[in-house]
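Q: One structure follows; several queries about it will come next.
Laboratory data are not the source of any read-out in this text; all were calculated from the coordinates shown. Remember, it's a predicted structure, so these values are computed and weren't measured experimentally. Methodologically, a virtual Cβ is constructed for each residue, glycine included, from the backbone with ideal geometry; neighbour enumeration extends over all protein chains shown.
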Amino acid sequence: MKTSNFSESQILKALKENEEGRSVGDVSQELGIDKSTFYYWRKKYGGMEQQELKRLKELEEENNRLK
């Protein structure tokens, strides 16, 4: 599986910029990503805060370890 060039904190920052009023097109163009990637990020990380993101990462690591 291909890894992202962006950290989760960068993704959250981009989502917050969009919530503050910047258009999806502007944010996507600045980051050099497709709009569909941005919408995928919003689906996966939308509404999360830094603590919730950390917990999600821990759960994913635990799940991989148990597999």
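Q: Scan the chain and report its longest stretch carrying no GluC sites (Glu not before Pro) that are both in a DSSP loop and have at most 12 other Cβ atoms within 10 Å. All intermediate terms of the calculation are to be shown ahead of the outcome.
A: Working: sites that count: E20, E49.
With GluC sites (Glu not before Pro) excluded where exposed in loops, the chain gives 21-48 as its longest stretch.
Q: Counting Lys and Arg as +1 and Asp and Glu as -1, each charge on the Cβ, what is the dipole of segment 8-66 about the Cα centre in debye, to the nearest 20?
A: With only Lys, Arg, Asp and Glu charged at Cβ, the dipole is about 120 debye.
Q: Which residue, L53, G25, N63, has the largest displacement toward the positive end of the dipole of the chain when charges sit on each Cβ (Lys, Arg +1; Asp, Glu -1)?
A: N63
Q: Another one. Quick check: the angle from helix 50-66's long axis to the longest principal axis of the chain, C-alpha only, nearest 10 degrees?
A: 40 degrees
Q: Bins of 10 Å, beginning at zero and ending with the bin holding the largest distance: percent of Cα pairs per bin for the chain, please.
A: The distribution over the chain is 19, 51, 24, 7, 0, given as percents.
Q: Which whole-Hz couplings ³J(HN,Hα) result when phi for each residue of segment 5-18 is put into the Karplus expression 6.51 cos²θ - 1.76 cosθ + 1.60, θ = phi - 60°, listed in order with x for Gly and Pro?
A: 7, 10, 7, 4, 5, 5, 5, 4, 4, 5, 5, 5, 4, 5
Q: Explain nothing, just compute: Karplus ³J(HN,Hα) = 6.51 cos²θ - 1.76 cosθ + 1.60, θ = phi - 60°, for every residue of segment 19-26 in order, whole Hz, x for Gly and Pro.
A: 5, 7, x, 6, 6, 4, x, 5
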